[in-house]
Amino acid sequence: MSDPRQQLGKKLAGLTSNVAIIKFIVYYLGPVTVEEIAERMSEVMFSFSPSQESVDQYIMPILSKQGYYQEKDGRWSVVRDKLPEHAALLEVMERERRLLFEREVKSRLATALGCKVRDICLELDRDPRLKRFDGKWGLKEWRLVNDEVYEILREYGRPLSMDDLVTQAAEKLKVSRAHLIFDPRGDRRFLPERKTWGLREWSGKERSVTSPAARVAKGPQPVELELEESFLKARSAPREKARSAGRVAKVKLKKAAQQQARDLLRERTATVAPIEVDLATKLSQVEGEGESLEVTSYNRVEPSMKERSLATKEREAILSFIQQLMEMEDKSVGVNITTLQREPLSTHKILSLLKLKYLPYFTERLVIADDYYRFAAELTVPHPGQAVLNPAAQAGEFASHVLTAVFERMEGAAWAPHGKEIEVVQRDGVRYRLPLEGSALAKKAREDFFINQTNLLDYFLSNNFAAIENDRLLSRAARYNLWLSGFPGVYVSARDFLTQLPETFGEPPNENNEISLRFDLIFSNFTFRESHNLAANYLDQAVRLLDGGGIGAFFLLKDMLRLLKGHDFMRDLQQRHAFRYVFDFPQMEAGKDKDVVLVVLQRHENATDEVPLIAGKVKDLKALANILVDLAHNVRQSAYYEVLNQESVARVLVK
């Protein structure tokens, strides 16, 4: 058993309520005094002060009212058997009747108790009723019969159902089958065949890769599992090869513009592709001049419409969701339900119903206007060659604008084949390579010799983009809103970013919530109203997933940044990243004192590079367009922003 204090530090990182934090502190450190509890709380809750007043107001009422705490000689401890998690554990394991990873045990307990996984206070090795079976957990009286099942299948020579296999093992061992467990997950000797299990050796060949998504996420969602697998494959070896090429596909944080500023931006990049000349033609003429392009024949990325018609199944799913919202009780005012009922299918209809019917949508995080999301998307300059993550998707508004920016920036691009890849060159000068193997793009490039904007967008959605939203209803809203915006097949996972990240990408669960993937762009709205601690943890988790040179774009509350002033986390953040843009939006929410900050930062690849910080205060929507125009002109003396050095970051964030 590892050190309880070390275990506790990892657990507290994802907690937001004082009830849960106190329970974890007492569980892992008990017997413990209230002073020690207060001291630990102050380390993880930035707004908590370890004073006697705080102890009396926030700690003692919880300790005295919860039945699973006991006090002796001024020190508090947990009565394990009275904890709801331990009380429900036996029922959960008997209902599952299979070996589970620790993360799966906690997930089942969270479902049974109606709480979040991160709030489950439980160490399985402390419960005498459990036993570890090679990395998984089961009841102590269970017996694993995988070896016996293997011999039985070799004797029979044909696949059998799991029930028949356990029955045969019981007869072979001459014991009751009540405590026998057959667990084929992760055992490469076995292969599923419909509702039966056979031996992998019967297939005549061994599959080189078994989908992690199929091992971890067994739910009835084949479309999502397919997307998980393609996302994982697209981030593997071909991506590493592309990174080592001379023309690195990594995005550079170029200045961008909205529609009224795009022409100005293109003028600045005229040395790459003058607007009056077709880019494919221009690139095909370049041979032996400057950097070798390896091929001399470039093809145009054909234009296409972003909006697409919905399949019948997709339309029915959205209509069913809208009907579910309609039947919910009204939670706010200002929306005419009769008008909404007559309105055609649209993102506006879904978002309006969420504002009217679903309280968490407009109370947990700020609902940010489209203009601000569009502004942020322009600053990030996304493209299909990046691995992109949206860890707090809300209802999909931010993601919609980022994906729209991806689509629009592919207009007038050119592409050329490079073996198992294609190279894409956009009009703004960004180059990247896309691996073709196993993708629908392969046929387009090799047989049809025709690629349009929609083909590249679909490749991006299937392989390089993922969104996460912990709220299940909002995750559905995000998926349907993105469908309606012209982005079908987008992967939106209804899991917890702080505790279920491995499951999201089909990797084995682990205590540190760590995954092997790293991302080129991560963006989200982290304006959690009631919990600055939660927002800080989301931000911490997000920046840890950035690859070298990767960009993060986050909407944050100014109050949270002020609380973090001088904190080790902020010092580490500034050491590892260059802050590219910091824009204040005072009074973004009408009538409420909630100052919002847009922070765009970039993970250091070379810490010695001098990177300017562009900072300003945006007073109205008109200023957004003016800022983009000035950035397109590379204006340093602007009326809308300042150009500073990185030493000014700490001051700018909290002023």
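The values are calculated or read from the model by the stated rules, or taken from the named source; none is laboratory data. As the structure is a prediction and not an experimental result, all values here were calculated from the model. All Cβ positions, glycine included, derive from the backbone under ideal geometry; neighbour counts span all protein chains shown.
Whether any residue in the stretch 527-542 is surrounded by 22 or more Cβ atoms within 10 Å (Cβ to Cβ), part of a loop (DSSP other than H, G, I, E, B) and either at pLDDT below 90 or of a type outside the set (A, V, I, L, M) (or both) is what I want to check.
Yes - at least one qualifying residue is present in the stretch 527-542.
Taking the stretch 171-182 only, how many residues are surrounded by 13 or more Cβ atoms within 10 Å (Cβ to Cβ) and out of contact with any Asp or Glu (no Cβ under 9 Å at 6 or more places or on another chain)? Reasoning before the result, please.
Initially, the stretch 171-182 is screened for residues surrounded by 13 or more Cβ atoms within 10 Å (Cβ to Cβ), giving 172-173, 175, 177, 179-182.
Among the residues that remain, those that are also out of contact with any Asp or Glu (no Cβ under 9 Å at 6 or more places or on another chain) are: 175, 181.
Residues that pass the stated criteria total 2.
If you take the residues in the stretch 405-428 that are outside any loop (DSSP other than H, G, I, E, B), of a type in the set (Gly, Ala, Ser) and touching a strand residue (DSSP E or B) at 6+ places or on another chain (Cβ under 9 Å), which one is farthest from residue 539 (Cα to Cα)?
Residue satisfying both the conditions and the ranking: 416.
Exactly one condition in (1) modelled with pLDDT of 90 or more; (2) more than 25 Å from residue 365 (Cβ to Cβ) is not met by residue 477; state its number.
(2)
Considering each of 653, 644 in turn, give the residue that is of a type in the set (A, V, I, L, M, F, W, C) and over 31 Å from the mean Cα position of the chain (by Cα).
Every option except 644 fails the conditions.
State whether the residues of the stretch 386-398 include one that is modelled with pLDDT of 90 or more, farther than 17 Å from residue 524 by Cβ and of a type outside the set (A, V, I, L, M, F, W, C).
Looking for residues that are modelled with pLDDT of 90 or more, farther than 17 Å from residue 524 by Cβ and of a type outside the set (A, V, I, L, M, F, W, C), one finds none in the stretch 386-398, hence no.
Being over 17 Å from residue 620 (Cα atoms) and hydroxyl-bearing (Ser, Thr, Tyr) is the filter here; which residues of the stretch 343-378 pass it?
Once the filter is applied, which keeps residues that are over 17 Å from residue 620 (Cα atoms) and hydroxyl-bearing (Ser, Thr, Tyr), the stretch 343-378 yields 346, 347, 352, 358, 361, 363.
Give the residue that is surrounded by the fewest Cβ atoms within 10 Å (Cβ to Cβ), with candidates limited to residues of the stretch 45-89 that are small (Gly, Ala, Ser) and assigned to a helix (DSSP H, G or I).
64
Out of everything in the stretch 286-310 that is of a type in the set (A, V, I, L, M, F, W, C) and at pLDDT 85 or above, what residue ends up being surrounded by the most Cβ atoms within 10 Å (Cβ to Cβ)?
Here is the first cut: in the stretch 286-310, the ones of a type in the set (A, V, I, L, M, F, W, C) are 286, 293, 295, 301, 305, 310.
After this cut, where a residue has to be at pLDDT 85 or above as well, the list is 301, 305.
On the way: 301: 24, 305: 10.
If we take residues in the stretch 286-310 being of a type in the set (A, V, I, L, M, F, W, C) and at pLDDT 85 or above, then 301 is surrounded by the most Cβ atoms within 10 Å (Cβ to Cβ).
May I ask you to list the residues in the stretch 386-445 that are surrounded by fewer than 22 Cβ atoms within 10 Å (Cβ to Cβ) and at positive phi?
Residues satisfying the conditions are 412, 419, 429, 438.
Based on what the data block shows, is residue 548 closer than 30 Å to residue 315 by Cβ, of a type in the set (Gly, Ala, Ser) and outside the structural domain of residue 115 (by TED's automatic domain parsing)? Write out each step before concluding.
Working: closer than 30 Å to residue 315 by Cβ: no; of a type in the set (Gly, Ala, Ser): yes; outside the structural domain of residue 115 (by TED's automatic domain parsing): yes.
Here the answer is no, as residue 548 does not meet what is asked.
Here's the yes/no breakdown for (1) in contact (Cβ under 8 Å) with a residue 40 or more places away in the chain; (2) over 21 Å from residue 491 (Cα atoms); (3) not in a loop (DSSP other than H, G, I, E, B):
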residue: 323; (1), (2), (3): no, yes, yes
residue: 379; (1), (2), (3): yes, yes, yes
residue: 389; (1), (2), (3): yes, no, yes
residue: 403; (1), (2), (3): yes, no, yes
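Those residues that are surrounded by fewer than 23 Cβ atoms within 10 Å (Cβ to Cβ) and within 21 Å of residue 534 (Cα to Cα), I need them from the stretch 449-494; list them, please.
470, 471, 472, 473, 475, 494
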